[in-house]
1. Work out Dmax and Rg for the chain from the C-alpha atoms and quote the Rg first, both in angstrom.
2. With a cut-off of at most 12 other beta carbons within 10 Å, and DSSP calling the residue loop, which GluC sites (Glu not before Pro) in region 4-82 qualify? Please list them.
3. In the neighborhood of Ile14, defined by Cβ-to-Cβ distances under 13 Å, what is the net charge if each Lys or Arg adds +1 and each Asp or Glu adds -1?
4. Work out how much length Leu18 to Met77 would gain on full extension: take 0.36 nm times their residue separation and subtract the Cα-Cα distance, in nm to one decimal.
5. Scanning the chain for trypsin sites (Lys or Arg not before Pro) in DSSP loops with at most 16 other Cβ atoms within 10 Å, what's the longest stretch left with none?
6. Multiply the residue separation of Val62 and Asp2 by 0.36 nm, subtract the distance between their alpha-carbon atoms, and state the gained length in nm to one decimal.
Amino acid sequence: MDEKTMVSDTLAGINGELVRYGEMIPQTENAQLKQMLKQIRNQCETSQEEIYQIARSKQYYVPAAKATREEIEHVKMILSQG
């Protein structure tokens, strides 16, 4: 397995964890557990950002082009109608 694949797999795994924490936190009634899950989620977010920066620096990940002003306005219009 090459480095690019390992970085991509790591990012995908962390992103999946972040989704799961996002689902668990609001469903938890125990305040202490909720706080611990938030701390773990924050650590995951930090790790995700670090790996993302590595992937960008090595050109393993190239983000999509930025949305144009027209595209942004179109999405705003659609969301404001709902």
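All of the numbers you see were taken from the coordinates with simple rules; none came from a lab. Because the structure is a prediction, the values reported are computed rather than measured. Please note: Cβ atoms are built from the backbone with ideal geometry, for glycine as well, and neighbour counts cover all protein chains shown.
1. Cα radius of gyration and Dmax of the chain are 17.2, 48 Å respectively.
2. Glu29
3. -3
4. Going from the current span to full extension adds 18.3 nm.
5. Here the longest run is 1-57.
6. 19.8 nm
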